[in-house]
Each structure stands twice: as C-alpha cells, then as structure tokens.
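Notes to accompany the following structure.
The values are calculated or read from the model by the stated rules, or taken from the named source; none is laboratory data. All values reported here derive from a predicted model rather than from experimental measurement. Cβ placement follows ideal geometry from the backbone for every residue including glycine, while neighbour counts extend to all protein chains displayed.
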Amino acid sequence: MSRLVVVSNRIADPRKTAAGGLAVALAEVLNGTGGLWFGWSGKIVDATEGDDVHFMQAGPVKLATVDLSQVDHDDFYLGYSNGVLWPVFHYRLDLADFDAGYIAGYRRVNQLFARKLMPLLQPDDVIWVHDYHLIPLAAELRALGCQQRIGFFLHIPLPPPLIVAAIPGHDWLIRALFAYDLVGFQSQADLAHFAGYVESEAHAQPLGDGRWRAFGRTVHAGAFPIGIDVEEFTQLTQAPEAMEMYERMKREYSRRRLLVGVDRLDYSKGLPQRMRAFREFLQKNPDLRSSATLIQIASPSREDVEAYSDLLHELESLCGSINGNFGELDWMPVRYIHRTVARARLPGLFRASQVALVTPLRDGMNLVAKEYLTAQDEEDPGVLVLSRFAGAAEQLREALLVNPYDTEGTAAAILLALQMPLEERRLRHQAMMKTIRQYDVHWWCDSFLNALQEAQAEEKGTSWLRL
Ligand SMILES: O=P(O)(O)OC[C@H]1O[C@H](O[C@H]2O[C@H](CO)[C@@H](O)[C@H](O)[C@H]2O)[C@H](O)[C@@H](O)[C@@H]1O
Ligand SMILES: O=c1ccn([C@@H]2O[C@H](COP(=O)(O)OP(=O)(O)O)[C@@H](O)[C@H]2O)c(=O)[nH]1
C-alpha cells in the first residue's frame, strides 16, 4: 500500500488538540492512515542556524519539520500567504498588501520545502499538499524530478476570476496548479470560479468530467467539502471534561439562554458584524435582554499582520460598549474571551448553548458549525445560525441561513432561533446530522485520494509543468 505524505504549512502533533480547522482535520486523517506529515515547525530561527529537518514520531505519524528564518517567515507567511492570498481569496482586495518583495519569499520557502522533502520521498508515495501557502510546491518538486502522484486541496474559498486577476502574478500562481494531478476545493462555488478562471484567463480547454487542459498538462479538479470525525467528536462530547463543562455552564446559566461563537480572531469571520447584529437584537427585544448571553471565544491569530490588530481593537470596543449600554448588575450580555480554548472543552460549551452564531463574511468551510451540531442533545438540540457565505452553507441547508452584512436580518434570525419550537429544531438537526455523518472527514480523505489515484492513472507519461 502507498504511504501518504501530507504537506502543509501548519502542522500539529496529532495526539494533541489544535486550533485551526486544517490542523484538526489532518491530525484526524493521519491518525487513521499513518504516514509522513511535513511542514513548518512553528519556529523562527537565526538564518545561520541551518535548515535541517527535525523528525518526531507521533503515534502512527512521522512528523518532519523545518524552521524558518525571520525574513522567510515575514515574507512567506505574514507577507504573501496572509497579506496577499488570504485577503484576496476571502474577497477582501481592500486589505491586500501587494508588496513586490513578498512573492520572492513565497517562492523561496516553497523551494526550501521541495528541496527538504524530496530526499524523504519513496517511489510509491502519494503526496497531498494543503492550502494557499504551498500552491507552487508541486511545480518545485517536479523541477527536482518528483514523479509521484501529487494532489492539492485549497481549504479557503477561491473567488471569482476577476478578483483573482487583481493579484500581481496571478497567472503564474494559477499555472502552478497544473503541476498537480488533482486540485480539490471546498465547494461547488469555488470549483466554478476555478473553471471560470482557467477558461477565461488561461484559455484552458474544458475536457469534461472535471478535467481542464492547458500548459501541455491536464488537471483534474473537484469539490470535496471537508468534514469532521463525528465519532471522535461524539466521544469528546461524552468525555468527563466535556460533561463537567456542560453541567457547569447549565448551572451558571440556569436562568439564561446561551448563544455561542467560537472563531479565530480573523476578519473573515465577521465578528464585528456579529456583535452589531446581537446589539440590534438586544435593542429590538428589551423583554429578552437579561435572559440571553453571548459567549464569544476569539482565538488569537496572525497578530503580526496589521489588519488583525485593527480587528482586535474594533471587537474589544464593540463588546465593551454593548456591555456598558445593556449590562445590569447581575447580567452582562457578552462574555468575550480572547484566548484559545482547548478543543476538549468546546463540546460541553456547545451542548449547553441554545444557539450557535457562525456568521463569517467568507469561509472555506467552517468546522465549528459541524462540531456544534454534533455536540447537541438530539432530543433537545440547539439552533445553528449560519452565514450563507461559509462553505458549510452549501451542505447545511437546514440551518438558519443569514447574510452577515445584514444586521437587521441576522438579529431577526437570532430571535427566530431562540423561539424555535422543539419539533422544528429536531427536524432541522436530524437532517443536518445526516449530511455531517455521510460527508465526514473519512469521506473527505477517501474521496480525494481515490480521485487522485484515478487522475494520475490517466496522466502517466505526460511531461511535467515547469514554472
Ligand atoms: O495556520 P494559521 O495561520 O494559524 O490559521 C489556521 C488555519 O486557518 C485556515 O483554515 C481553513 O481550513 C478549515 C479546514 O478545511 C476550514 O474549515 C476553514 O474555513 C479555513 O479557514 C487556513 O486555511 C489553514 O491553512 C490554517 O492552518
Ligand atoms: O479556541 C479555539 C478555537 C477553535 N478551535 C478549533 O479550531 C477549529 C477551527 O476550524 P474552522 O474550520 O471553524 O476555522 P479555521 O480557524 O480553520 O478558519 C475547530 O476544530 C475548532 O474546534 C479550538 O479548538 N479552540
């Protein structure tokens, strides 16, 4: 059987919990399959300290990591990945910083990854590259002679062609995707944008069955919405730590109804918009005021990027003014926690909450939406208020779908959620759990890897794309 080699910028010890959907999902996949996980160690070192690969065995998974120098980290991770690709792919051209120096750092780190990974590869390996940090990795590996199957999965949205086309060097970037055998997206909408881009900007020829031909190569592309490990999350929900958390929250909020939000503190998550909608709800419903509390966990993220520190101040000021204007001696409407909460503690909090607010302005998928539903008591489940702009909305049609830019509409959905009759809550929850169970993380992994196997079988013998 082939060995699975996963490559991503962010990696985590699969035996421990991590914040961030990519690390959570890949840890779950690799725990099942075993294999090699290659990525950044999370460490920034002096450029003179060398670029050795560090190895660690974590259960069935071998972790191989490289450190980054300060300048590489700044240009590759903060600069090009999170200062250009992240905002543009989340439709935020206004937040992009098109500093011409970043792209060289992006290419440098992709070349470093290729150079360090190449000697670790075995002839039969299947290589699965993840996310926007590593788009050119396959082309760099091919340039070094790599002939193994290589698949790529984009965890974040792909915007419409004319938004991608605003990136200086966008043609280079998308051309690099043709060095992969298979490219996977979170949603049908992202896949349609890919098709639109390659046909209009790269004059690719559509061959049908999810195949496009350009630059002398055929690439296969498809939508593979990522899921969660339902069994693992159910066990986490039943574990003593989660039950204890659940009991504590129930006791503490016995006279109140809880709403919950759990997000990285990221502008794509629509946190200020969510707070404004909650404020609108409090304003419009004075009778419900002292009975509803929103717990918002905002896990620190990418704090060295300017747009993120601006967001922190905006959110703190909004939470402060809502509590100042609506709070009572015995009740505060918002509990804002600017820390990462261990994943094992989340199911108890989710189960104790009548409503989850998952209202990103754009999101590749959003695993929190699926985790919230999985943690519910199916006899008395809570209600998911979900942004129509999250990838998850393509699958979870029975959520209360909202436009997060529409403050009044979202406030009205919060009211509807708090007043929804039990029977309707059950029916909606049941329907969504059916989808979550069917398209879980194992389905995601198996369907992508099967498609990758089929894609390469067809392509054997064609030339490799060079950047
Ligand atoms: O690694 P960081 O810079 O700390 O950021 C954390 C991760 O954020 C993004 O997650 C995405 O992947 C999720 C799983 O597919 C998806 O549900 C979510 O919508 C995405 O935002 C990012 O894509 C990852 O690379 C980061 O590791
Ligand atoms: O304080 C936190 C915040 C988030 N998470 C986990 O991090 C992941 C977030 O993934 P999601 O797809 O929702 O968004 P991302 O952060 O990847 O954009 C989920 O598994 C959460 O349970 C966590 O464990 N603690």
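Return the pair list, or none, for Cβ contacts closer than 6 Å from residues in region 386-404 that are outside the structural domain of K370 (by TED's automatic domain parsing) and in contact (Cβ under 8 Å) with a residue 24 or more places away in the chain to residues that are within 13 Å of ligand 2 (Cβ to nearest atom) and of a type in the set (A, V, I, L, M, F, W, C), at least 6 apart or on different chains.
No pair meets every condition.
For region 13-28, which residues satisfy the criterion of being touching a Leu at 6+ places or on another chain (Cβ under 8 Å) and either at pLDDT 80 or above or more than 8 Å from ligand 2 (Cβ to nearest atom) (or both)?
Passing the criteria: D13, P14, V24, A25.
Test A369 against the criterion of being free of Cβ contacts under 8 Å to residues at least 24 places away in the same chain and surrounded by 19 or more Cβ atoms within 10 Å (Cβ to Cβ), and give yes or no.
no
Which residues, taken from region 302-323, are in contact (Cβ under 8 Å) with a residue 60 or more places away in the chain and within 16 Å of ligand 2 (Cβ to nearest atom)?
Matches in region 302-323: R302, V305, A307.
If V109 passes every condition in (1) farther than 13 Å from Y80 by Cα; (2) touching a residue at least 40 places away in the same chain (Cβ under 8 Å); (3) not in a loop (DSSP other than H, G, I, E, B) but one, which one does it miss?
Result: V109 passes all but (1).
Could you tell me which residue of region 342-352 is farthest from G21 (Cα to Cα), considering only residues that are buried (at least 16 other Cβ atoms within 10 Å of the Cβ) and either within 15 Å of ligand 1 (Cβ to nearest atom) or of a type in the set (A, V, I, L, M, F, W, C) (or both)?
Filtering region 342-352 for residues that are buried (at least 16 other Cβ atoms within 10 Å of the Cβ) and either within 15 Å of ligand 1 (Cβ to nearest atom) or of a type in the set (A, V, I, L, M, F, W, C) (or both), the one farthest from G21 (Cα to Cα) comes out as A352.
Considering region 131-162 alone, what residues qualify as being among the charged types (D, E, K, R) and within 16 Å of ligand 2 (Cβ to nearest atom)?
Hit for region 131-162 is D131, nothing else.
Quick check, is P136 surrounded by 19 or more Cβ atoms within 10 Å (Cβ to Cβ) and either farther than 29 Å from E199 by Cα or modelled with pLDDT of 95 or more (or both)?
yes
Among the residues of region 353-366, what is the count of those that are among the small types (G, A, S) and either surrounded by fewer than 24 Cβ atoms within 10 Å (Cβ to Cβ) or more than 9 Å from ligand 1 (Cβ to nearest atom) (or both)?
Qualifying residue count for the region: 2.
Table: residues versus (1) touching a residue at least 24 places away in the same chain (Cβ under 8 Å); (2) touching a helix residue (DSSP H, G or I) at 6+ places or on another chain (Cβ under 9 Å); (3) hydroxyl-bearing (S, T, Y); (4) closer than 29 Å to A189 by Cα.
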{"site": "A58", "(1), (2), (3), (4)": "yes, yes, no, no"}
{"site": "A64", "(1), (2), (3), (4)": "yes, yes, no, no"}
{"site": "Y91", "(1), (2), (3), (4)": "yes, yes, yes, yes"}
{"site": "A100", "(1), (2), (3), (4)": "yes, no, no, no"}
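A quick yes/no check of all residues on (1) under 26 Å from the mean Cα position of the chain (by Cα); (2) at pLDDT 95 or above:
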position: E232; (1), (2): yes, no
position: A239; (1), (2): yes, no
position: R251; (1), (2): no, no
position: S254; (1), (2): no, no
position: R257; (1), (2): no, no
position: G261; (1), (2): yes, yes
position: L271; (1), (2): yes, yes
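Is one or more of the residues making up region 158-173 touching a strand residue (DSSP E or B) at 6+ places or on another chain (Cβ under 7 Å), at pLDDT 95 or above and crowded, with 19+ Cβ neighbours inside 10 Å?
yes
May I ask you to verify whether P333 is surrounded by 13 or more Cβ atoms within 10 Å (Cβ to Cβ), touching a residue at least 24 places away in the same chain (Cβ under 8 Å), more than 15 Å from ligand 2 (Cβ to nearest atom) and not small (G, A, S)?
Taking the combined requirement at face value, the residue satisfies it.
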